[in-house]
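The values are calculated or read from the model by the stated rules, or taken from the named source; none is laboratory data. Here the structure is a predicted model, which means the values were calculated and not measured. When we count neighbours, we look across all protein chains shown, and the Cβ atoms used for this are built from the backbone with ideal geometry, even at glycine.
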Amino acid sequence: MKTCLVVDDSAVIRKVARRIVEMLGLQVAEAEDGAEGLEQCRAAMPDVILLDWNMPNVDGYMFLQSLRRMPDGDRPKVLFCTTENDVGAIARALRAGADEYIMKPFDRDILAAKLEQVGLVQAHAA
Amino acid sequence: MTDLDFEFLRGFLKTRSGLAMTAEKRYLVESRLTPICRQRGLASLHDLVAQLRLGHDTALERAVVEAMTTNETFFFRDRVPFDLFRDVLLPQAIARNAARRRLRIWCAASSTGQEPYSIAMLLQEAGPRLAGWQVELVATDLSLEVIERAKSGVYSHFEVQRGLPVQWLIKYFTQAGEQWQITPALRSMVDYRQINLLNGFEALGSFDVVFCRNVLIYFDAPTKADVLNRIAACLAPGGALVLGAAETVIGLTNRLAPVPEHRGLYGHAAPAPAAAVPAPAAAPLRALAGR
């Protein structure tokens, strides 16, 4: 089963994302901030990461830069999932190595479509 | 809504738009027309039907047809037809039309514009292969309201996130507050026109590729056959028709045939050996595909 790590300091967002991603057939783990997320990646690299931008300690941008330098860290698909919705933020995330970008608020259809775009779920599941 | 009111609406919608409303769709009629009652200050659907029966209120007639025929869509919906267009149809058309360097594409039920703009993005991505070509992308819909919305090219952040790669969002859209707008260059590639598929569309000319997805499902069989025959007539030799996944030409027309290995794709049917009809000007699509 494919695995998804949700890195977000909002318990509500983690809960919503978990429910949707599990419905799409992925196994979900959660991290409350970037530091905890990196620890989890060192222990077991997930297939996809839903990554918040603004978090205490290690933010999304720093997380992504650290992740991509880790052994096997280029393998997970990273979907930035954030309220930072301007073109500049999106471009910065892509330059940092993000594969996709989800603007909050999101719903099941958007999350499913984005996971399909990065090849994590099949079209019929989306 | 009484049974008589529903029967009237069924007949009205069939005549005006070809929409075949079965009894199971009664809930859809109620959910889509109730907002019009509120907008127009009509107390009930019965009053709305009474107004329609008078036959004097063309604005109301149009609003009812548009409410019942406008359907949800999104960028690169179902993805496969667009992959087919990029990987099969476009290269074939470029090879076939190399001498005259002209390409014509028709989106026959373009709704709020996501389909034609998706095609426009693929054409842009084709880059140098179409340099110096005359490319026409015609998009038609029954509804003036959705055509106006499509022309504006403005979409919510929910709409631009379904099916559209983020790299293309920042390449082909500009941000306008909470909304995103298609760039003027991409908007200018699409020629929007109001067309009712029940009426003649021969004046649009001949097309290399016709997208007519998820509209025939609302028609009854004779209407589907009529529309398909007329689409076949405006399909260029070697051209292709793209239908929705739940749609087919089989059993409806002998002028079009499925393209093997490509579900949802149709080309001119090869003439039967003994058929007393003129030979087509070019080979059917599947022969051109080398299959």
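Brief remarks on what is shown
- Taking region B:152-172 as the range and being in contact (Cβ under 8 Å) with a residue 12 or more places away in the chain and surrounded by 15 or more Cβ atoms within 10 Å (Cβ to Cβ) as the test, the residues that pass are B:Gly153, B:Val154, B:Tyr155, B:His157, B:Glu159, B:Val160, B:Arg162, B:Gly163, B:Leu164, B:Trp168, B:Tyr172.
- Check on B:Leu198, part of a helix (DSSP H, G or I), in contact (Cβ under 8 Å) with a residue 40 or more places away in the chain and over 12 Å from the mean Cα position of the chain (by Cα): no
- For region B:15-27, a residue qualifies if it is among the aliphatic types (A, V, I, L, M) and either assigned to a strand (DSSP E or B) or more than 13 Å from B:Ile217 (Cβ to Cβ) (or both), and the qualifying residues are B:Leu19, B:Ala23.
- Filtered residues of region B:173-187 (kept if touching a residue at least 60 places away in the same chain (Cβ under 8 Å) and among the β-branched types (Val, Ile, Thr)): B:Ile182
- Test result for B:Phe85, touching a Phe, Trp or Tyr at 6+ places or on another chain (Cβ under 6 Å), more than 18 Å from B:Phe219 (Cα to Cα), surrounded by 15 or more Cβ atoms within 10 Å (Cβ to Cβ) and in contact (Cβ under 8 Å) with a residue 40 or more places away in the chain: no
- Identification of strands (runs of 3 or more DSSP E) wholly contained in region A:1-79 with 2 or more residues that are touching a Phe, Trp or Tyr at 6+ places or on another chain (Cβ under 9 Å) yields A:48-51.
- B:Phe85 aromatic (Phe, Trp, Tyr) and in the same structural domain as B:Gly244 (by TED's automatic domain parsing): yes
- Single residue of region B:129-183 satisfying the filter (at the interface with chain A (Cβ under 10 Å from one of its Cβ atoms), among the aromatic types (Phe, Trp, Tyr) and outside any loop (DSSP other than H, G, I, E, B)) that is nearest to A:Asp99 (Cα to Cα): B:Phe173
- Members of region B:94-118 that are over 12 Å from the mean Cα position of the chain (by Cα) and either closer than 19 Å to B:Gly163 by Cα or assigned to a helix (DSSP H, G or I) (or both): B:Ile94, B:Ala95, B:Arg96, B:Tyr117, B:Ser118
- Residue in region A:101-120 that is farthest from the other protein chains (Cβ to nearest Cβ), counting only those that are among the basic types (Lys, Arg) and assigned to a helix (DSSP H, G or I): A:Arg108
- Region B:255-273, residues that are under 22 Å from B:Gly18 (Cα atoms) and at pLDDT below 95: B:Gly264
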